[in-house]
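Have a look at the structure below, then the notes.
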Amino acid sequence: MNEREVSKVAFCSAVFAGFAYVGYTFFRNQIGKRKHKKNERKGVYLRRLSQTTQTDEMMRAELDGAAGTLTVKPRSVQERIRELNLQARLFADTMLAIQTQDTGARRPHYRSSQCTPWSSPRILSPVDVRLMTSSRSHEQLASPRGRALLSTRRRRLTGPSEVPATTATADDLRRLEDIVKQTRELDREEASLLIKLARYSDADVTKKTLVTIGNCCAFTANQALFRHEGLLPVLSAHLLHPCPEVQIAAAQTASNMALNHDNQEHMQDCTEVLLAMLETEDDDVLEAVLSCLVNVAVLDRWHELFTPHLSILYSFVDEAPPRLQMHALRLLVNLACNDVTIPALLAAQGPRKLLYYLEPSTEETVLLRLVTLLASLTSAAARLKINPALDLPPAQKVAAPDTMYAQLFGVGVRQRLSHKAAALATHHASEDIRLQADRLRQALDG
């Protein structure tokens, strides 16, 4: 595909977005005129920009019992423009794959199509596509230099404390070996030494020290000692280390530190960095990050930090390998235990394969956590009397057919979901799955 054809496609995308904006302007003017008419009905009648049967039915359900005379809830122009921009970006990605002769070996992305601070779709011009083709290939992003650039960008976004590198003597390294041989409760001097060595410029020494600290965190006294000696800022910095092995060691150590209630009060920076790393391309690093976030989410102290990233977590359920899928489900189950996060969980873009996974053939550990998550969400929605038109937070809410609420209560979906839950509650061999499936069925049928 030559540059002229690319220009035509980009121009068409821009025209579509322009039409949407003109329609929005016309619509706003018409509403403004109606407000000045006398004897006008107070109800507002709005035309949707696109029509789907399921969406229309969902909107009627959303407005059932809502206050006011609003007849139909429109799909916002901003959402429509965002969709057009996303389509343009997906088209550019396709052309990028063609022009770089992608063989299909590229690893899948587990990112949501929802806008995030690190992934915001926009209309791409031919110049953008050419620059992407020439300088931003997936191979380059996967290179050490690409990872370093990405880490630098995330450091600027999250702003962890800068931790200067230190030097170490031969005696320091010898004492490290002594601690490695026998994990035990440490004194303050030993804890300070380990934190000093964790800031050593050599990546191998840093990794070894972080692993040692993680092992020492098996003792509650050591967890508190490391916190007092300033370990958490060091971990926040090393989560963005250029070496993936150091990142993994830092995430595993942070995971052990998060098991301490007092430590969690000081883990905001660390949690923000971990959440920023959900878009990493390294599955091993991502597994360590998700595992750490599971421990952070055991308490509800930082649950509000997770809400902008829920669509990404749901996408792991659909697309990620089983080991990442499991950690994502464990994390979502922890978040679903907090009533405060329920509206955001229902507003985010839900998995599209829920019905596919609710089968006896699904791996038991995955199925148990999935059914537990769905049972928690449906039960909370009924208990809290969630109104999808009023209670779902706009900051996390995607288009109506894609929300988790629609995946659970949409027209035609709710009955099928209840049928599958009833089958699992009756016939599955696992008592835990039967219990959670029956809880899900009751919430759907109630």
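The values are calculated or read from the model by the stated rules, or taken from the named source; none is laboratory data. Keep in mind the model is a prediction, meaning the values are calculated, not measured. For neighbour counting, all protein chains shown are included, and Cβ atoms are generated from backbone atoms with ideal geometry for every residue, glycine included. All accessible areas refer to the heavy atoms of the entire protein, side chains included, with ligands and DNA or RNA removed. Shrake-Rupley method; radii C 1.70, N 1.55, O 1.52, S 1.80 Å.
Computed in the context of the full set of protein chains, the accessible area of the range 359-435 at 1.4 Å probe radius has 52% of its extent on carbon or sulfur. Based on alpha carbons, the Rg and Dmax found for the range 190-232 are 9.7, 29 Å.
For the pair S201 and N29, a Förster radius of 56 Å applied to the C-beta separation gives a FRET efficiency near 0.35, rounded to the nearest 0.05. Using the Cβ-Cβ distance between H266 and R4 with R0 set to 51 Å, the FRET efficiency from 1/(1 + (r/R0)^6) comes to roughly 0.35. Need one number: the % of Cα-Cα pairs in the range 287-446 sitting beyond the 22 Å mark. For the range 287-446, the share of Cα pairs beyond 22 Å comes to 36 percent. Placing dummy labels 7 Å off each Cα toward the beta-carbon, the span from F11 to L259 is 6.3 nm. In terms of packing, defined here as the mean over residues of other Cβ atoms within 10 angstrom, the peptides 181-194, 286-299 line up highest first as 286-299, 181-194. Divided by 2.2 N^0.38 Å, where N counts the residues, the Cα radius of gyration of the range 243-340 comes to 0.98. Could you list the residues of the range 215-251 with an amide nitrogen less than 18 Å from a label point located 7 Å from the Cα of R188 in the Cα-to-C-beta direction? Flagged as within label range: 221-232. Does the range 364-405 come out rounded, prolate or oblate by the C-alpha gyration tensor, with a ≥ b ≥ c the root eigenvalues, rounded set by a/c under 1.5 and, if not, prolate when a/b is larger than b/c and oblate if not? Oblate, since a/c reaches 1.5 and b/c is not below a/b. Between S361 and V298, the FRET efficiency estimated from the beta carbon spacing at R0 = 41 angstrom works out to 0.85.
Taking the protein heavy atoms of the range 291-339 in the context of the full set of protein chains, the accessible area attributed to carbon and sulfur is 53 percent at 1.4 Å. For the peptides 342-353, 227-238, 274-285, residues were scored by their other Cβ atoms within 10 Å and the scores averaged per peptide; the highest-first order is 342-353, 227-238, 274-285. In this structure, the amide hydrogen of Y200, modeled 1.01 Å from its nitrogen in the peptide plane, lies closer than 5 angstrom to those of T166, counting only residues at least 5 positions away or on a different chain.
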